[in-house]
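The values are calculated or read from the model by the stated rules, or taken from the named source; none is laboratory data. Not measured: the values here are computed from a predicted model. All Cβ positions, glycine included, derive from the backbone under ideal geometry; neighbour counts span all protein chains shown. The area values use the complete protein model at the heavy-atom level, side chains included, leaving out ligands, DNA and RNA. Shrake-Rupley method; radii C 1.70, N 1.55, O 1.52, S 1.80 Å.
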Amino acid sequence: MTGPLPSPSSRMAASSPVRTLLLWCPDWPTDAVAAELGLAPDAPLALIDRGEVFACSAAARAEGVRRGLRVREAQSRCTGLLVLPYDPVLDHRVFEPVVAAVEQIVPGVQLSRPGTCVMRARGPSRYYGGERQAAEALLHTLGSVGVAGAQVGIADGPFAAEQAAKLHSPAEENIRIVPAGSSPEFLAPFGVELLARPELAALLRRLGIHTLGSFARLDEMQVRDRFGPDGVLAHRLASGFDPSDVDARVPPADHSSVVEFEPPLDRVDQVAFAFRTAAEEFVARLQASSLVATAIRIEVSTENGDSRSRTWLHPRFFTAGDVLDRVRWQVQGAGIAESGLNSAIAKLRVEPESVDPAGNHEAGLYGGATDERIHSGLSRVQSMVGHTGVLTARIAGGRQPSDRRILVPWGDLPPGGEASVRASQGLPWPGRVPGPPPATVFPERRRVLVSGAGGADVAVDDRGELSAVPVSFAEPGGKPGAVSAWAGPWPVTERWWDAGGRRLNRFQLVDESGGAWLLVLDDSGWWAEARYD
Amino acid sequence: MSLSVASSRPAVFAGSPVPVASQVAELQARIRGMQRTRIDSQGLPTSPGIAELLPGGVLRAGTAYSVHESTSLALALLAGPSAAGAWCSVVGLPALGVEAAAAAGIDLDRLVLVPDPGLQWLQVTAALADVVTVVLARPPAALSAAEVARLGSRLRQRGSTLIALGDWPQSEATLRVSDDRWMGLGDGHGYLAARRVTVSVTGRTLTGKPRRKQLWLPDAEQGIRPAGLAGVPAVRPVPANQERHEMAVS
C-alpha cells in the first residue's frame with residue numbers, strides 16, 4: 001500500500017468524471033416535517049421508519065439521538081423527543097418547490113433524494129463567471145424560498161461532490177470547491193464507510209485498508225477478481241473516477257390550481273362559487289395533456305395561517321363539478337372532524353395526486369354507460385347527505401358480526417386498502433359464530449334482560465360454567481318472556497395482553513315469539529348484539 | 001318386458017326429484033319475467049323460491065312491495081335482481097347485516113347503503129330510484145299520501161322497484177312472516193342453523209284469503225327455498241363439549 005496514487009491520465013483518460021455541483025440541505029426530512037406541521041425549527045424531532053430513527057433534527061442530535069437507534073433508546077436519551085413516522089411522500093412534496101426554484105436558474109437538475117440535488121457545474125460556472133459565483137447564486141435562490149443552511153460541494157463526479165458538500169459543519173463556510181483533477185487526493189483520507197457498502201467496508205477494515213486512498217491504490221484487476229463488478233464500482237468511486245453522470249430530470253408539468261381570496265371568505269357557498277372557474281380550468285388543463293385525475297389533494301389555508309389538506313379519491317375521474325363538491329365537503333368539514341376551520345379562508349389549492357391517461361377512461365361507444373349513470377346518481381345523493389352518507393360495504397374478518405363489516409364512503413378505499421380487507425377475510429378466525437349470519441347487526445349494542453328461574457342472575461364463572469339456566473328474556477324495551485331455546489356460553493378472549501382487548505361470552509337465544517338473538521355477556525351485563533330477523 | 005320398463009322409468013327421476021321441480025319453477029319464473037303481464041310492467045329476474053310467493057309469480061319493475069318484520073325476507077327479494085347484475089340500494093337501515101346480505105346472494109359490489117337519510121328520506125329514495133333497480137327502504141312514519149303518490153309515479157316512470165320495510169299504502173303485495181321456527185338450537189346446546197317460516201301474502205290483485213307458503217329462510221346451506229315435502233334439512237349436530245370449550249384467542 002505504498003505506491004503513488006494513480007494519475008487520471010494513466011487510466012481511463014477517455015472517461016474523465018463530470019464536473020459536478022451538489023446541493024445538500026442538512027436535516028432535510030425533519031425540516032420538511034417541521035415546516036409542514038408548523039413545529040418550531042429547534043424542536044427535538046425524530047422520524048421513525050420501521051422502528052428505527054431515520055432522521056433527527058439538530059436539537060435531537062445534540063441530546064445524543066443518532067440515525068439507526070431504536071425508538072426506546074432515542075427516547076431515553078432525549079426525554080422531550082417528538083417522534084413521528086417518516087413519510088417519504090411528504091418529504092418529496094415539500095422538496096418539490098425547492099427543486100423548481102433551482103430549475104429556474106440552473107437547467108438540468110437531478111433529484112437524487114429529497115434534500116439533495118445534483119447538476120453539472122460547467123454551464124452555471126460559465127454563466128455566472130466562476131464556480132463559486134454559481135454556488136453563491138444557488139444558495140441565494142434557496143434562501144429566497146426559505147431554505148437556510150444549505151451546503152454546496154463542487155468536485156469531479158457526484159460522489160466526490162457529495163463528500164465535499166458534507167465535509168464541514170454549518171458554522172464554517174458552506175461552499176466547498178475541490179479543484180478539477182484533485183478529487184483523488186481530496187477523497188484519499190476519508191474512511192471506507194463512505195462507500196455506503198457496509199459489508200465491503202467491514203471486510204476492507206479487516207484487511208487493513210482503512211481509507212479510500214489505500215483502497216484506490218489496489219490494482220483494479222485484483223479488485224474485480226476479489227469483489228466483483230460492484231467492488232470495481234466502489235473502487236472507481238474511491239479513486240475519484242466516478243463513472244456516473246448527472247441524469248437531469250424532466251421538470252413535471254404543474255397542473256395544480258391555486259386561488260387566493262382577497263378579502264378572505266368565510267362562507268362555503270362563496271368559496272364554492274369563487275372556485276368554480278378555477279376548477280374548470282384545472283380539469284381543462286389536465287385534459288389538454290390528455291390526462292384525467294383519479295385522486296386530488298385539496299389544501300385550504302386560512303386567514304390566521306392555518307392550513308389543512310386532505311386527499312380525495314374518485315371511483316372514476318374528477319370532473320369540474322366533482323372537484324367543486326370535494327372543495328365544498330372539505331370546507332364544510334363533512335368528511336372528517338379535524339378538517340373544520342375556524343377562520344376565514346384565504347387560499348385554496350388543488351393539485352392532482354394521481355393522474356391517468358384519459359384514454360383509459362373513455363366511455364365505450366355502447367355499454368359502459370350504466371356505471372356512469374350510477375355514479376352521477378350517487379354523487380347527487382352524496383351532495384344531499386354528505387360524503388360519508390353514501391356507503392359501500394365489504395365483509396372483513398372478525399369474531400363478532402359488528403367486526404365483520406366495513407362501511408366505506410362511495411369512492412373511497414377501505415382503511416388499509418382492499419388488500420388488507422381481503423387478507424383479514426382470508427384468516428381463519430376461530431371462535432366466530434357458526435350458522436347463518438344475522439340480518440340485523442345493531443350499530444350500538446342494546447341492553448337486554450336475561451334471568452334464570454326465580455329471577456336468579458345468569459353469570460359465567462372463570463371456568464366457563466353457567467350459574468343458572470336462562471329461562472326469562474326481555475328484548476330491548478320489551479316485557480320479559482320465556483326462553484324457548486338457547487346455547488352458550490361461547491367465550492371470546494381477544495388480545496388479553498392489551499388494554500384494548502376484550503373478554504366476553506356469547507349466547508344464541510330464541511324467545512317465546514320465535515325471534516332469535518345473538519347475545520353478549522360481559523362485565524357490564526347482558527347485551528343484544530344482533531338479531532336474526 | 002313392459003313391467004321392467006315401467007319399473008325403470010321412475011328410477012330415472014327418483015334420484016333427483018327436487019332439482020327437476022326447482023328447475024321447472026325457475027323456468028316458469030323466467031318465462032313470467034319475460035312476459036309483460038300488463039302494458040306498463042315488466043318483471044325483474046326473481047329467485048325461484050321467492051317468485052312463487054309473489055302475485056304474478058315475478059317481482060315487477062316500477063312497483064312497490066311491503067315486507068313486515070323480516071329483514072331476511074326483504075334481502076331475499078333483492079337477491080334475484082342483484083345476482084342478475086342489477087344495482088341495489090338500502091336506505092335507512094343502519095343495522096343491516098352486510099354478511100347476511102352477501103349470504104342471501106346480493107353482490108356487495110353493486111350494493112349502496114344510505115344508512116341515515118335523515119329528513120331527506122323521500123329525496124334520497126327518489127334519487128336512488130332513478131339509478132338503481134331495487135331500493136330497499138324503511139319509510140318514515142310520517143309520510144303524506146301525496147308524497148307516497150309522487151314516489152309511486154317516479155318508480156313507474158323509471159321502472160325501479162321499492163321494497164318497503166313496513167307499511168306502504170300503494171304496495172303491489174304485502175309480505176308478512178309468521179310462525180318462526182328455528183332449527184338446530186336446543187336447550188343449552190347446538191346453534192341456530194335453519195329457520196322455517198310461514199310467509200303470508202296479501203295484495204291488490206290477490207282476492208280472498210291471503211296466500212300462504214312455507215319457506216326455509218334460510219335452510220342449512222344458507223339458501224332460501226320453499227319448504228315442501230323435503231322435510232327437515234339435515235343439521236349437523238355439534239358436539240356439546242366442542243361448543244362449550246371453543247376458546248378464541250388472537
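Using the per-residue mean of other Cβ atoms lying within 10 Å as a proxy for protection, in what order, highest first, do the peptides A:247-254, B:131-138 fall?
In descending order of packing, they fall as B:131-138, A:247-254.
Ignoring ligands, DNA and RNA, how much accessible area is buried between chains A and B, both sides summed, with a 1.4 Å probe, to the nearest 100 Å²?
Heavy-atom accessible area buried at this interface is about 4500 Å².
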Rh (Kirkwood, all Cα-Cα pairs) for segment A:1-158, Å, reads 17.6
Placing +1 at every Lys and Arg Cβ and -1 at every Asp and Glu Cβ, with all other atoms neutral, what dipole size does chain A have around its Cα centre, in debye to the nearest 20? 900
Which semi-axis lengths, in whole Å and largest first, follow from the square roots of five times the eigenvalues of the Cα gyration tensor of segment A:353-503? 45, 20, 14
Using only the alpha carbons, work out the radius of gyration and Dmax of segment A:49-93 in angstrom. 10.5, 32
Report, to the nearest whole %, how much of the accessible area of the protein assembly as shown belongs to carbon and sulfur atoms, 1.4 Å probe, protein only. 53
Considering only protein heavy atoms, what per residue accessible area in square angstrom results for segment A:440-532 with a 1.4 angstrom probe? 49
Diffusion coefficient, µm² s⁻¹, Stokes-Einstein with Kirkwood Rh over alpha-carbon pairs of segment A:420-473 at 4 °C and 1.567 mPa s: 88
For segment B:163-172, what does the Karplus curve 6.51 cos²θ - 1.76 cosθ + 1.60, with θ = phi - 60°, yield as ³J(HN,Hα) per residue in whole Hz, taken in order and with x for Gly and Pro? 10, 9, 8, x, 5, 9, x, 9, 7, 5
Here the whole-number average of other chain Cβ atoms within 10 Å per Cβ of A:427-437 is 6
Under 5 Å from the placed amide H of residue A:449, counting only residues 5+ away or on other chains, we find A:474
Highest to lowest packing among A:317-325, A:468-476, A:494-502, scored as the average C-beta count within 10 Å: A:317-325, A:468-476, A:494-502
When the convex hull of the C-alpha atoms of segment A:440-532 is computed, what volume per residue in Å³ does it have? 99
Charge dipole of the protein assembly as shown about the Cα centre (unit charges at C-beta), most positive-ward option of A:59, B:82, A:497: B:82
Peptide B:62-73, shielding by other chains (average Cβ, 10 Å cutoff): 2
Net charge, residue A:257 excluded, C-beta distance under 10 Å - Lys, Arg +1, Asp, Glu -1: -2
Calculate the translational D of segment B:84-214 in whole µm² s⁻¹ from Stokes-Einstein, where the hydrodynamic radius comes from the Kirkwood formula applied to all Cα pairs, the temperature is 20 °C and the viscosity 1.002 mPa s. 128
If Rh is defined by the Kirkwood formula over all Cα pairs and Rg also comes from Cα, what ratio Rg/Rh do you get for segment A:60-127? 1.18
In what sequence, highest mean first, do A:192-202, B:177-187 appear when ranked by Cβ atoms within 10 angstrom? B:177-187, A:192-202
Value of Rg to Rh for chain A (Rh from inverse mean 1/r over Cα pairs, i.e. Kirkwood): 1.10
